[in-house]
Amino acid sequence: MKSNVKKPSRALRRIGAIALLLPLTLGSTAQTPQHSGAPVATSNAFATANVRAIAPLPPSVPLPTAFDVRQFESMAQQLVANQRVPGLAMAMVHGGRVISARGYGITDTSHATPVDSHTVFRLASLSKSFAGTMTGLLVNDGSLRWDSKLVDYLPSFRLSNPLASQQLTVSDLLSHRVGLTHNAFDRDLEQYVDFHTLTQKLAYAPLQCAPGTCYSYQNVAFSLVGDMVFAATGDFYAQEVQRRIFKPLGMNDASLGLEGIQASPSWARPHVRGRGGWVSLMPKTTYYQVLPAAGVNASASDMAQYLLAHTGHRPDVLPAPLLATLHQQLVDTPSEIRGSSWRRTRLTGAGYALGWRTYKYAGHEVVFHGGAVQGYRGLIAMVPELDFGVAIMWNSESSLPSGMLPTILDTALGLPPGQWLDDDIDPTLYAEATDDTSPDAPHAPGAHASASTAAPQ
């Protein structure tokens, strides 16, 4: 997805749509989705489609004196020492300021190019927050409603139960309340079955509950968001994300799809373990088929701007009431409390919102998402009460950098430190099932993530 637009200076630099669908628009006022079938309090919901008058943000809570950005930057540098991790990028924001956005290590063990703040990484399921944000912008415009039925935009959509097909709402889709079994058809996706075929197979997939009544994580079904965006706007999902999110936020390195990352002046190659250490690969095309679920690529500089927006400091792009809606838990996900030791120790509650996870971290609200595909890992978290956010991305399958997140959160919240950097993180932290055994097949069916372009409009 190569842009033909000349990139700004370095300081400022930085699907599948169903062609038969006709653009539809449902004029409405925006509203808050419902929590597992029950009404959600509307105090934080935006009442009209175009809310722009926003109260000033309250003063940011100072971080503890023990919080030293340089300490965490040093930790990141130690993680890439001797190629324990090939490359890593990290961004932190507080009080509307970028307090760190740096790269560490190298992009490729075969070519030791340094990672910097503009080096692009594959975000994997951190992409789901972009899908929620994109949808929210359309709701804010009045082009969609959270309670709109998916079939209003995708008339051919079918689940195995006809009533369920008619019941599924936009908010159900974005909060993984479709009713399907966990990660339905991910294995087929990993075998290069094309996205359109997989969406048709949803009509024969077993349901474990009625839409809106239970949680089950999805990649294929979730990515129907892209087709819905096309139906509501007449533009491809990738183009809309570029126009509505990347460009106005100044995410100048960001892109979507395999073509997008390969067109980047600096991008981190994925790495898997080999007998002699880390081995670099070409990125797999599989999960690039599902752009809303796993298709975004971005740098530390980009993620700093994204964090600023989601912590309320770009109300011109993301109004505060919209953020409150996007971050509002809609369904409980108690299984997320299990797994790694930091989650077992720190989490007392977990849920899912609209493309975001919500955690009770030692009694504090944390908005979160993790992501993983072959050779890439990533984490993003925000602590609203502190006006603080952090994003960490790395180009290997090492679990070691995962411990950076709870280490940073503990210090920011003034909690006694844990030994999280030595933690063996379980794979359920991440979004996609990783399949490192199937060969990369660039010419297999469905190998191209999208026919659209990520070039700015």
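Nothing in this text is a laboratory measurement; each read-out follows from the coordinates by a stated rule. All figures in this text were calculated on a predicted structure; none of them were measured in a lab. Positions of Cβ are backbone-derived with ideal geometry, glycine not excepted, and every protein chain shown enters the neighbour counts.
Points worth noting:
- The Cα center of the stretch 294-353 and the Cα center of the stretch 132-200 differ in position by 21 Å.
- Remark: the stretch 345-362, residue by residue, has Karplus-estimated 3J(HN,Hα) of 7, 9, 8, 10, x, 8, x, 10, 9, 10, x, 10, 8, 10, 10, 9, 9, 6 Hz, where x stands for each Gly or Pro and the curve is 6.51 cos²θ - 1.76 cosθ + 1.60 at θ = phi - 60°.
- For the stretch 146-221, the Cα-based Rg and Dmax, in that order, read 11.5, 34 Å.
- The phi torsions of the stretch 61-69, fed into the Karplus equation with coefficients 6.51, -1.76 and 1.60 and a -60° offset, translate into couplings of 6, x, 6, x, 4, 6, 7, 10, 4 Hz, rounded to whole numbers, with Gly and Pro shown as x.
- The stretch 69-429 - charge dipole about Cα centre, Lys and Arg +1 at Cβ, Asp and Glu -1, debye rounded to 20: 300
- Counting Cα-Cα pairs of the stretch 69-429 in 10 Å increments starting at 0 gives whole-percent bin shares of 5, 26, 35, 25, 8, 0.
- Two-decimal log10 I(q)/I(0) for the stretch 227-338, as the Debye equation yields it once each C-alpha is a single scatterer, q = 0.16, 0.18 Å⁻¹: -0.96, -1.12
- ³J(HN,Hα) computed for each position of the stretch 104-117 - Karplus, 6.51 cos²θ - 1.76 cosθ + 1.60, integer Hz, glycine/proline x: 9, x, 10, 7, 7, 5, 7, 9, 6, 7, x, 7, 10, 5
- A full extension of the chain between R97 and V272 corresponds to an added length of 59.5 nm, given 0.36 nm per residue minus the alpha carbon distance.
- Distant-in-sequence amide H partners of V120 (H built 1.01 Å from N, under 5 Å): S266, W267, A268
- Normalised contact order of the stretch 69-429, rounded percent, pairs of Cα under 8 Å and 6 or more residues apart: 23
- Built amide H within the under 5 Å cut-off of G87, gap 5+: I106, N395
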